[in-house]
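**Student:** Questions regarding the structure given below will be posed in turn.
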Amino acid sequence: MIEMFTARITEIDDIDIAFNELTEQIDLTKLKKNSGGIIFCHSDFIDSGVAKTISDRLGFNVIGMTSFANSDKHGFSLYELNITILTSDEVTFEAGMIPINRDNYMTATQQLFDEVRAKVDSDPALIFTFMPYIREVSGYEIVEAMDKACHGIPLWGAITNNIDFNYEAVETFCNGENNPAGVAMLFMNGPVEPTFIIESIPERNIANSRAIITKSEGAVIYEVNDMPILEYLKGIGIILAKENITTTPLMIYYDGAVEPVALGFYSLFEDGSVLTGGRMPVGTSFSVGCIDEAGIRETIDAGLQSIIRKEDREATLLLPCITRYIMLAPDQEAELRIITETLTSIGKPFMMGYSGGEICPMKDNDGNLCNRFHNYTFCAVTF
């Protein structure tokens, strides 16, 4: 059995007041034999030392990241710190963090997994992971490296983000230490049965026709159906430009996958190729989607209904994409508000943060979970 407790902290400067805010909301004497923590916060809480002190005083493994906004039963905000404590007599929690760069991200993620794995007797049932925003290393590349390192153990988490859309003040966090280039992971070992919930683009917002990638390299698409990608898009009525590039989702039908993965266009290059959010293998089919306010609200409802149907859940964590917040303008807090009000009214514990890129497994045709990197997605895990 796992219990979940959450608290919100508003005090940025006075560390003692900040810790008192936590203990007023969570009775630490009720924690079980083993505990692990997850922090989502504005970067000010890291700069001031509040996040570190909270982690140090709790005395168990805590990982976290800066997040554009967060929520729990106590409310939601862009500027507060949220801490979630998972506690159990049967499940254990071990953590670690390592900085990465373009040259070492594959060996470093392997090293991190090996170091944390050496602390436990068996493979974990689930790994929470928070990954850095690094311009030289794509999010999907880090996820692929971690997936290889952990030989397919389910990963759930996000790319760090903040209210700074230039990603200049983003951090990952582990046991009192913070690093803008850090990959953090928290093992959950024991009787954990996670349920992963993914809602991205409503079916009505996905084009019926599919195209085949015929020339690509990594996440870059050059040609589709043997014609330049921009020419293909123009032929279906989409003129890709800097102004609209982040609002045109691709639904990628990876080989053997049951459902498509939502990924975005990132950058246009002078040669007419396009950088996307994930690997684009030659021969893979895709459809073009549309992200709009109505579609986002539809996926919020669908995701929440999937959570509510899990009546035996003991904990719920949510990491929807930050793009959804932007696209809900002018009512940008709608997703925060709907999730908070709906799940608070039910009375079971939950925590939400915004993601700069979602990390969540999806099933293949054989029913096996495959770790995937996503964009635009309502992403949740319950257990």
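Only the coordinates and a few stated rules stand behind these numbers; no lab work does. Small disclaimer: the values here were computed from a predicted structure and weren't measured. Using ideal geometry, Cβ is built from the backbone for each residue, glycine included, and neighbour counts are taken over all protein chains shown.
**Student:** When Rg is the radius of gyration of the Cα atoms in region 78-196 and Rh is its Kirkwood radius, what does Rg/Rh come to?
**Tutor:** Radius of gyration over Kirkwood radius for region 78-196 works out to 0.96.
**Student:** Taking the chain as a Gaussian network, Cα atoms linked when under 10 Å apart, which of Cys174, Cys41, Cys370 shows the biggest mean-square fluctuation?
**Tutor:** For the chain, modelled as a Gaussian network with Cα springs under 10 Å, the answer is Cys370.
**Student:** Between region 46-110 and region 230-309, what is the C-alpha centre distance in whole Å?
**Tutor:** 30 Å
**Student:** Here is a further query. With a cut-off of at most 14 other beta carbons within 10 Å, and DSSP calling the residue loop, which GluC sites (Glu not before Pro) in region 212-247 qualify? Please list them. Present the calculation step by step, with values, prior to reporting the outcome.
**Tutor:** Values: sites: Glu217, Glu223, Glu231, Glu243; in loops: Glu243.
When the GluC sites (Glu not before Pro) of region 212-247 are filtered for loop state and at most 14 Cβ neighbours within 10 Å, Glu243 remain.
**Student:** Over the chain, calculate the relative contact order: mean separation of alpha carbon pairs under 8 Å at least 6 apart, over the residue count, as a percent.
**Tutor:** 20 percent
**Student:** Expressed as a rounded percentage, what relative contact order does region 262-383 have, with Cα pairs under 8 Å and six or more residues apart?
**Tutor:** For region 262-383, the relative contact order is 33 percent.
**Student:** Using a cut-off of 12 Å between beta-carbons, work out the net charge of the residues near Tyr222 (Lys and Arg +1, Asp and Glu -1, Tyr222 not included).
**Tutor:** -4
**Student:** If I compute Rg and Dmax of the Cα atoms in Å from the structure I just sent, which labelled value in [x] 22.7, 69; [y] 20.2, 64; [z] 21.4, 71 lines up?
**Tutor:** Read-out from the structure maps to [y].
**Student:** Something else: In percent, how large is the relative contact order of region 207-289, given Cα pairs closer than 8 Å and 6 or more residues apart?
**Tutor:** For region 207-289, the relative contact order is 41 percent.
**Student:** How large is the Kirkwood hydrodynamic radius of region 207-289, counting all unique pairs of alpha carbons, in Å?
**Tutor:** 12.5 Å
**Student:** Here is a further query. Each residue of region 204-214 in order: what ³J(HN,Hα) in whole Hz does its phi give by Karplus 6.51 cos²θ - 1.76 cosθ + 1.60, θ = phi - 60°, with x for Gly and Pro?
**Tutor:** Each residue's phi maps through the Karplus curve to give 5, 9, 10, 4, 6, 7, 10, 10, 10, 6, 10 Hz.
**Student:** I need the peptides 201-209, 95-103, 342-350 ranked by packing, meaning the mean over residues of other C-beta atoms within 10 angstrom, with the highest value on top.
**Tutor:** Per-residue mean Cβ counts within 10 Å order the peptides as 95-103, 342-350, 201-209.
**Student:** Same structure again: Calculate for the chain the 222 nm mean residue ellipticity that helices alone would give, adding -39,500 (n - 2.57) per DSSP H run of length 4 or more and normalising by residue count, nearest 500 deg cm²/dmol. Please report the intermediate quantities before stating the final value.
**Tutor:** Working: 9 runs with 92 residues, N = 383.
Taking each H run of at least 4 residues, the total per residue is -7000 deg cm²/dmol.
**Student:** For Gly295, what is the net charge nearby, where nearby means another residue's Cβ is under 13 Å from its Cβ and Lys, Arg count +1, Asp, Glu -1?
**Tutor:** It works out to a net charge of -4.
**Student:** Can you work out the FRET efficiency for the pair Thr247 and Asp312, with r the C-beta to C-beta distance and R0 = 45 Å, to the nearest 0.05?
**Tutor:** That pair, Thr247 with Asp312, gives E of 0.75.
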